[in-house]
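Worksheet for the structure shown next.
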């Protein structure tokens, strides 16, 4: 069961990076929905730092006595694009129990490292280091990122408008191309095992949909919503039959808010986290673990 939590956490971190790529002067006037999304992705290439607020609501089996329970994750994060460095603080609410968690993500040279605090024991951290391969580096290149965005979009439609923080936003619903999505997420994966997992998650899908709120004056993305249910069904289908039965009915919905574009802030990974984190890199090099070490 813990594997699902950590897969979702990794997906959350990757999604934060992947989909960050928004009045008086309406730059969207006369543009199609797809043109707006591509223009927004291009405008986001100039954003080097930003703040993100995130919410994820999950429905999943908790125990044999609670066949379906609700888990909520809420938090915020600071992200630097150049160099790639991020910190996240969030709470996981399960019934009456609240579990605060933190995560840091950094890219140094040819490696991507995540530090994840554990809900089992205060002050206990896990470390995951994986190769930051050439495909991932290409995706961080602005021109390559824009090329990927165009391939990614199968259909886009304007579905409304909304004022956020006194700024006018257009709401775009995007349907992603399933085949392109498999290739993109496979290339973006942390290693061969996670690449295979991502491929299986999208293997049976024609595509997924999400909504993006784009600031009409700046073209920056200000809000993002996605139903993760279809992806999670693919993940569950890749598990052994007994685990599939345990996770039947798994649902998840994610919302992200973007703000503080290009603000001057510093992200620092504490030395005690770097020096004392439990390294699980070897364990995750072949597969996501069924059970993580107890606190």
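Before moving on, here are some points about what is shown:
- Full-stretch length increase - residue 168, residue 72 - with 0.36 nm per residue and alpha-carbon distance subtracted: 31.7 nm
- Length gained on full extension, residue 282 to residue 262, computed as 0.36 nm times the residue gap minus the Cα-Cα distance: 3.6 nm.
- Taking other C-beta atoms within 10 angstrom as a stand-in for reagent exposure, 132, 253 fall in the order 253, 132, fewest first.
- A straight chain from residue 80 to residue 111 at 0.36 nm per residue would run longer than the Cα-Cα distance by 9.5 nm.
Just so you know, all these numbers are worked out from the coordinates, no wet-lab data involved. Since the model is a prediction, treat every value here as computed from it, not as a measurement. Positions of Cβ are backbone-derived with ideal geometry, glycine not excepted, and every protein chain shown enters the neighbour counts.
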